[in-house]
Amino acid sequence: IDSPKNLMTKQVTENTATVSWDPVEADIDKYVVRYTSADGETREVPVGKEKSSTVLTGLRPGVEYKVDVWAQKGARESRKVNTKAPTDIDSPKNLKTKQVTENTATLSWDPVEADIDRYVVRYTSADGETKEIPVGKRTSTVLTGLRPGVEYKVDVWAQKGARESRKANTKAPT
């Protein structure tokens, strides 16, 4: 049995990924798609022979999955083809500012699910003055050096190596 060709992942989100391939020429019963996380958690799903794509679900954010696809006819199977599907890092949720004084504000958020290196906080005044601070894995920080009576736009995102989550944002009036 010939193997599927041009296996690709696309439309990857925090917990889903679409995989597609060129169909085989052989007469087959089905395709099998197996996906395995970096820590060894594996799922296997059958895909009808008339299809050449499927959506992987139940993925965890910020995890790289190895995806194998092969064709089956009875007990016979093609060689496996494989690709990688790294899911997006989820973004911080429930971002809040509190204890606002004339020149400080406390910012807090719910932790992301993904395994990350750090959070980064950036705050920008209405006239464009920007500060960016790495805050490690803590889920709160104090914004300092704010100017009285100025509204700030605050962005928070998670980083793992060179990868970043989408930014969560809020406003902090002083």
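The values are calculated or read from the model by the stated rules, or taken from the named source; none is laboratory data. Since this is a predicted model, take the numbers as computed values, not measurements. Don't worry about glycine lacking a Cβ; one is built from the backbone with ideal geometry, like all the others, and counts go over all protein chains shown.
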For this session: Tell me which of these L95 doesn't satisfy, since it passes every other one: (1) over 30 Å from V150 (Cβ atoms); (2) modelled with pLDDT of 95 or more; (3) in contact with a strand residue (DSSP E or B) (Cβ under 7 Å, 6 or more places away or on another chain).
Result: (1)
Exercise. For residues in the stretch 124-154 being among the hydroxyl-bearing types (S, T, Y) and closer than 18 Å to E102 by Cα, which is surrounded by the most Cβ atoms within 10 Å (Cβ to Cβ)?
Worked result: Y152
For this session: Can you work out which of the residues in the stretch 115-142 that are modelled with pLDDT of 95 or more and of a type in the set (G, A, S) is nearest to A162 (Cα to Cα)?
Result: G136
For this session: Hey, can you tell me all the residues within the stretch 35-62 that are in contact with a Lys or Arg (Cβ under 8 Å, 6 or more places away or on another chain), crowded, with 17+ Cβ neighbours inside 10 Å and among the basic types (K, R)?
Result: K49
